[in-house]
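Student: Before I ask anything, let me first share the structure, which is written out below as structure tokens.
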Ligand SMILES: Cc1ncc(COP(=O)(O)O)c(C=O)c1O
């Protein structure tokens, strides 16, 4: 078969290949990017689905508006307001996961050959999705405080990118959080250079201690002219359930209108049943206690993983302990290759993801990502001990 040329630039993700090995019996996996299903509020979701099916069966099982189920748009608007972001229900659309919001951004903004700047490393699916639209992707270096703004400024001047894509809070895979000072500078840069900045924020609610700095969206109110260059993607996947496939996109009206048009040809609208379920769920007052529980379980797992890594791997590895989210981003010292380490680790029945695929170019082969979200404390201890045997 002859496939579209646009597929030529895309490879099956190395991570998917690795996932095939994860069914080995007895394996302890730190490889996934999934939230822990044991923490889903099944009771609250069951109650919400039953309520909307009882109250409005015709509407929730019918076709719906491309922009989203209106009560959910209102619910997301209130949810964002509680986080200091003022956005009217009409200022957002509901998307089929935030992944679709990213796809709509690619579809509406990227022409073949356009430059796009992302963090190095960044979310692999975004790299693949933007490449599908022909983006020429440029990586901007990061440290523990997120993207290095001085370098970003130079890259913007050099490449005049169509957009800059950032995961400012508890990044995937980096775990890093952009400092408040850098956030403000990025908003100033966006306004001054008239560059679209996409803030992808699926993990911001998963903080372990103090809340992270306010989102770029929230801070844009303080930086004149920045809001019109900012798109924000949110999601219930990591705080409620990814299976609902409910995310959202907040963007300037012109961009939102074009994204809505593209969504019409893509999936017409996100499932009314899951949107209405999410909207009802938000009225129950259960999200806060659910989040408290998720935060405290993940915080404990992250702490145990940090201690185990130090104890078992010592000088062989360096990392910054994340303050939230689901991931440790680490680097092997002494010139070790993370891909080779991953193979030996699978033999010892423990899995993680080598870091190279998360770079758009010039990967650091010593890096790796470990998720602490789904393994219990005993498995984390045991898994990291197995890693030592695999060194
Ligand atoms: C940074 C980032 N953005 C977006 C997504 C997509 O999430 P969803 O489509 O489930 O909202 C993920 C999922 O892992 C992610 O890590």
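The values are calculated or read from the model by the stated rules, or taken from the named source; none is laboratory data. These numbers come from a predicted model, not from an experiment. Quick reminder, even Gly has a Cβ in these numbers, built from the backbone with ideal geometry, and neighbours come from all protein chains shown.
Student: List the number of the failed condition for residue 21; all other conditions in (1) in a helix (DSSP H, G or I); (2) in the same structural domain as residue 139 (by TED's automatic domain parsing); (3) touching a residue at least 40 places away in the same chain (Cβ under 8 Å); (4) surrounded by fewer than 15 Cβ atoms within 10 Å (Cβ to Cβ) hold.
Tutor: Failed condition: (2).
Student: Quick check on segment 231-248. Is at least one of its residues assigned to a loop (DSSP other than H, G, I, E, B), within 19 Å of residue 162 (Cβ to Cβ) and in the same structural domain as residue 77 (by TED's automatic domain parsing)?
Tutor: No: zero hits.
Student: Report whether or not residue 226 is buried (at least 22 other Cβ atoms within 10 Å of the Cβ), more than 19 Å from residue 104 (Cα to Cα) and either in contact with a strand residue (DSSP E or B) (Cβ under 6 Å, 6 or more places away or on another chain) or not assigned by TED's automatic domain parsing to the domain that holds residue 161 (or both). Full working, then the answer.
Tutor: On the way: buried (at least 22 other Cβ atoms within 10 Å of the Cβ): yes; more than 19 Å from residue 104 (Cα to Cα): yes; either in contact with a strand residue (DSSP E or B) (Cβ under 6 Å, 6 or more places away or on another chain) or not assigned by TED's automatic domain parsing to the domain that holds residue 161 (or both): no.
For residue 226, the condition - buried (at least 22 other Cβ atoms within 10 Å of the Cβ), more than 19 Å from residue 104 (Cα to Cα) and either in contact with a strand residue (DSSP E or B) (Cβ under 6 Å, 6 or more places away or on another chain) or not assigned by TED's automatic domain parsing to the domain that holds residue 161 (or both) - is not met.
Student: List the number of the failed condition for residue 320; all other conditions in (1) touching a residue at least 60 places away in the same chain (Cβ under 8 Å); (2) farther than 30 Å from residue 291 by Cβ hold.
Tutor: Checking residue 320 against (1) touching a residue at least 60 places away in the same chain (Cβ under 8 Å); (2) farther than 30 Å from residue 291 by Cβ, the one that fails is (2).
Student: One residue is enough: does segment 129-145 have a residue meeting the conditions under 24 Å from residue 247 (Cβ atoms), assigned to a helix (DSSP H, G or I), within 16 Å of the ligand (Cβ to nearest atom) and out of contact with any helix residue (DSSP H, G or I) (no Cβ under 8 Å at 6 or more places or on another chain)?
Tutor: no
Student: Determine which member of the set 333, 367 is closer than 23 Å to residue 169 by Cα and touching a residue at least 12 places away in the same chain (Cβ under 8 Å).
Tutor: Numbers: 333 fails: closer than 23 Å to residue 169 by Cα.
Criteria check complete, one pass: 367.
Student: Taking the options 58, 68, name whichever one is away from the ligand (no atom under 16 Å from the Cβ), assigned by TED's automatic domain parsing to the domain that holds residue 263 and either farther than 20 Å from residue 257 by Cα or not in a helix (DSSP H, G or I) (or both). Walk me through it before giving the result.
Tutor: Numbers: 68 fails: away from the ligand (no atom under 16 Å from the Cβ).
When all the criteria are applied, what remains is 58.
Student: Related question: If we scan segment 211-223, do we find a residue that is surrounded by fewer than 22 Cβ atoms within 10 Å (Cβ to Cβ), touching a strand residue (DSSP E or B) at 6+ places or on another chain (Cβ under 9 Å) and in contact (Cβ under 8 Å) with a residue 40 or more places away in the chain?
Tutor: So far as segment 211-223 goes, no, none of its residues is surrounded by fewer than 22 Cβ atoms within 10 Å (Cβ to Cβ), touching a strand residue (DSSP E or B) at 6+ places or on another chain (Cβ under 9 Å) and in contact (Cβ under 8 Å) with a residue 40 or more places away in the chain.
Student: Now a separate question. Within segment 233-280, how many residues are within 12 Å of the ligand (Cβ to nearest atom), within 21 Å of residue 84 (Cα to Cα) and in contact with a strand residue (DSSP E or B) (Cβ under 6 Å, 6 or more places away or on another chain)?
Tutor: Of the residues in that region, 6 qualify.
Student: Kindly provide the set of residues from segment 153-173 that are more than 16 Å from the ligand (Cβ to nearest atom) and assigned to a strand (DSSP E or B), ordered by number.
Tutor: Just the residues of segment 153-173 that are more than 16 Å from the ligand (Cβ to nearest atom), to begin with: 153-162.
Within segment 153-173, none qualify.
Student: Something else about it: So, in segment 77-104, exactly how many residues are within 15 Å of the ligand (Cβ to nearest atom) and touching a helix residue (DSSP H, G or I) at 6+ places or on another chain (Cβ under 9 Å)? Can you show your working first?
Tutor: Residues of segment 77-104 that are within 15 Å of the ligand (Cβ to nearest atom), as a first pass: 79, 92-104.
Filter once more, so that each one left must be touching a helix residue (DSSP H, G or I) at 6+ places or on another chain (Cβ under 9 Å): 79, 92-97, 99-104.
Total meeting the criteria: 13.
Student: In contact (Cβ under 8 Å) with a residue 60 or more places away in the chain and within 18 Å of the chain's Cα centre (by Cα): which single residue out of 241, 266 fits that description?
Tutor: Numbers: 266 fails: within 18 Å of the chain's Cα centre (by Cα).
Within the list 241, 266, the selection yields 241.
Student: Sticking with this one: Checking the structure you have, find out if any residue of segment 324-340 is part of a loop (DSSP other than H, G, I, E, B), at pLDDT 95 or above, at positive phi and under 24 Å from the mean Cα position of the chain (by Cα).
Tutor: yes
Student: Being closer than 27 Å to residue 293 by Cβ, touching a residue at least 60 places away in the same chain (Cβ under 8 Å) and within 21 Å of the chain's Cα centre (by Cα), is that true of even one residue in segment 42-64?
Tutor: The first filter runs over segment 42-64 and keeps only residues closer than 27 Å to residue 293 by Cβ, leaving 42-53.
Now narrow it down to the ones that are touching a residue at least 60 places away in the same chain (Cβ under 8 Å): 44-45, 47-49, 51-53.
Add one more test, that the residue is within 21 Å of the chain's Cα centre (by Cα), and what stays is none.
No: zero hits.
Student: Just wondering, is there one or more residues in segment 175-187 that are within 16 Å of the ligand (Cβ to nearest atom), in the same structural domain as residue 126 (by TED's automatic domain parsing), touching a residue at least 12 places away in the same chain (Cβ under 8 Å) and over 19 Å from residue 299 (Cβ atoms)? Please lay out each step first, then the result.
Tutor: At the first step, the residues of segment 175-187 found to be within 16 Å of the ligand (Cβ to nearest atom) are 175-178.
Keeping just the survivors that are in the same structural domain as residue 126 (by TED's automatic domain parsing) gives 175-178.
Going one step further and asking which of them are touching a residue at least 12 places away in the same chain (Cβ under 8 Å), we end up with 175-178.
Still in the list and also over 19 Å from residue 299 (Cβ atoms): 178.
The answer is yes; a qualifying residue exists.
Student: If residue 388 satisfies all but one of (1) touching a residue at least 24 places away in the same chain (Cβ under 8 Å); (2) surrounded by fewer than 18 Cβ atoms within 10 Å (Cβ to Cβ); (3) outside any helix (DSSP H, G or I), what's the number of the condition it fails?
Tutor: For residue 388, the exception is condition (3).
Student: Working carefully through the options 259, 299, 268, 278, find the one that is out of contact with any helix residue (DSSP H, G or I) (no Cβ under 8 Å at 6 or more places or on another chain), outside any strand (DSSP E or B) and not assigned by TED's automatic domain parsing to the domain that holds residue 35.
Tutor: Working: 259 fails: out of contact with any helix residue (DSSP H, G or I) (no Cβ under 8 Å at 6 or more places or on another chain); 299 fails: not assigned by TED's automatic domain parsing to the domain that holds residue 35; 278 fails: out of contact with any helix residue (DSSP H, G or I) (no Cβ under 8 Å at 6 or more places or on another chain).
Exactly one of 259, 299, 268, 278 is out of contact with any helix residue (DSSP H, G or I) (no Cβ under 8 Å at 6 or more places or on another chain), outside any strand (DSSP E or B) and not assigned by TED's automatic domain parsing to the domain that holds residue 35, namely 268.
Student: Against the conditions (1) at pLDDT 95 or above; (2) at positive phi, where does residue 381 fall short? Just the number, please.
Tutor: (2) is the only condition that residue 381 fails.
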